Amino acid sequence: MSSTTASVRSLYVHVPFCAHKCEYCAFYSEASSGELINRYVGALERELELVAGTLRPQTIFFGGGTPSILNLKQWHQLLHTMDRLNLLGAAEWTVECNPATVSLDKAKLLRDFGVNRISMGVQSLDERLLERLGRIHSREQVFKSFDTLRAAGFENINVDLMFAIPTQTMEIWHATLNEAFALQSEHLSCYEVIYEQDTPLFAQLKAGEFDVDEDLAYDMYETLIDRCEQSGFFHYEVANFARRAGAGRAAPRPVLSDPEIPDFACRHNVNYWRGGDYHGLGPSATAYIGGLRTRNWSNTPLYCEQLEKGKRPFETREELPPLQRAGEIAAFGLRMTAGWPFEEFQKASGFDLRSEWAGQMSELVNKGWAEESPVRFRLNRQGLRFADSAAEMFLR
Ligand code: SF4
């Protein structure tokens, strides 16, 4: 069942600023301005104060936007506030970084306060495609920033890549994977380009500037899985790959409870996929605690204004009926290759997957998309390709 509000163990913080908006991006973020960032940092401190009493974070994730865009002074202020509020010491603390905004001083400061995982938004290592996507960094900055992060003591780094980018060929994808593997990161996240409405890339597609080649996208995904497995990465979620400990890499502590999940899996995301509670702070962030889902305003000045008045900046609050929430939990968990151990599902949702969803499970097994054993149910490689449609069958 859900944890009590006194013991929420996961914290997400949204930093809604970027140096420049990428062509494909539909996240809530805006081009940075010094004054607004200062105001945001102050508001976030208020929000941290409001939730600190119900939070003992074991995982923290600063995402965005571009968290690394905060300058040293702003990070100092935030980290000291977290220290004062007793929020340091998480087993896993990730900060997303853009390769263009990493410096040794900033990396060391984060490391000193307990940040121990970096997620680097690389997307491609092809100069032409980086420009096509509207990324602000060069391929050289990726290699340099990676070395800087290692020099600052980070032993757990994720590299984000994209595939099926317009004009990307299979040859370019192979070359990018070769270079990404050579970095020897602990984790890889690889997403197929999505054409979200209201993005420049979507407008270009609608205007007929390029075509989507679904067969090529499928081949790129299959290539990705095969090559990751050959390179020592374990495919543990639709788009995520992680190494196991060993060969000079010590496992992060504490050890994960499901041995099917690799040591360097992102524990913060595993908590989402396994139905755990979490606080979400910052503009547009969602939280889920004890049956209540809230979402903050996706408007930074309004978010700041609410907190300056001492109020929680909720745009929406939604109480989820237990069966509806259990359906969502089932759907999320199926994105992982480890699927759902029946016992774990019962603990997370209060329902038995085998009685409530027996029909959906056998339909997926009959389709050749899933496997059931006495202890767990999971999608197989074929099923994972259609994870969204499979997951939808479990929603109530
Ligand atoms: S850096 Fe990330 S959040 Fe910012 S615009 Fe690009 S994709 Fe969106």
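For residues that are farther than 30 Å from residue 177 by Cβ, touching a residue at least 24 places away in the same chain (Cβ under 8 Å) and not basic (Lys, Arg), scanning just region 107-130, find the one that is nearest to the ligand (Cβ to nearest atom). Walk me through it before giving the result.
Keep residues of region 107-130 that are farther than 30 Å from residue 177 by Cβ, which gives 108-109, 112-114.
Retained after the next criterion (residues that are touching a residue at least 24 places away in the same chain (Cβ under 8 Å)): 108-109, 113-114.
Add one more test, that the residue is not basic (Lys, Arg), and what stays is 109, 113-114.
Values: 109: 21, 113: 23, 114: 24 Å.
The residue in question is 109.
One residue alone among 29, 33 is touching a Pro at 6+ places or on another chain (Cβ under 6 Å) and within 16 Å of the ligand (Cβ to nearest atom), and that residue is 29. Note on region 278-396: enclosed strands (runs of 3 or more DSSP E) holding 1 or more residues that are in contact with a helix residue (DSSP H, G or I) (Cβ under 9 Å, 6 or more places away or on another chain) and among the β-branched types (Val, Ile, Thr) are 286-289.
When 355, 349 are checked against the criterion of being among the polar types (S, T, N, Q) and within 20 Å of residue 371 (Cα to Cα), 355 stands alone in meeting it. Entry remark, region 41-77: residues being in contact with a helix residue (DSSP H, G or I) (Cβ under 6 Å, 6 or more places away or on another chain) and within 15 Å of the ligand (Cβ to nearest atom) number 3 in total.
Take the conditions under 20 Å from the mean Cα position of the chain (by Cα) and aliphatic (A, V, I, L, M) and apply them to residue 193. Does it pass?
Yes; evaluated as a whole, the condition is true for this residue.
If you go through region 85-107 and pick out every residue that is farther than 21 Å from residue 264 by Cα and hydrophobic (A, V, I, L, M, F, W, C), you end up with 5. Taken over region 265-306, residues that are basic (Lys, Arg) and touching a residue at least 60 places away in the same chain (Cβ under 8 Å) amount to 2. Starting from region 87-106, take each residue that is assigned by TED's automatic domain parsing to the domain that holds residue 136 and more than 21 Å from residue 16 (Cα to Cα) and list its partners that are modelled with pLDDT under 95 and not polar (S, T, N, Q), counting only C-beta distances under 8 angstrom and pairs at least six apart or across chains. Matching pairs, first to second residue: 91/252; 91/253; 91/254; 92/252.
Among the residues of region 47-57, which ones are buried (at least 19 other Cβ atoms within 10 Å of the Cβ) and not acidic (Asp, Glu)? Lay out the reasoning, then the answer.
Looking only at region 47-57, we keep the residues that are buried (at least 19 other Cβ atoms within 10 Å of the Cβ), and these are 47-48, 51, 55, 57.
Result: 48, 51, 55, 57.
Within region 5-22, the residues that satisfy the criterion of being surrounded by fewer than 18 Cβ atoms within 10 Å (Cβ to Cβ) and under 30 Å from residue 132 (Cβ atoms) are 19, 20, 21.
In this structure, residue 65 does satisfy being under 22 Å from the mean Cα position of the chain (by Cα), within 27 Å of residue 99 (Cβ to Cβ), assigned by TED's automatic domain parsing to the domain that holds residue 117 and modelled with pLDDT under 95. Number of residues in region 141-177 that are farther than 14 Å from residue 103 by Cβ, touching a helix residue (DSSP H, G or I) at 6+ places or on another chain (Cβ under 9 Å) and of a type outside the set (A, V, I, L, M): the value is 10.
The values are calculated or read from the model by the stated rules, or taken from the named source; none is laboratory data. Fair warning: this is a prediction, and the values are worked out from it, not measured in the lab. With ideal geometry, Cβ positions are generated from the backbone for all residues, glycine too; neighbour counts draw on all protein chains shown.
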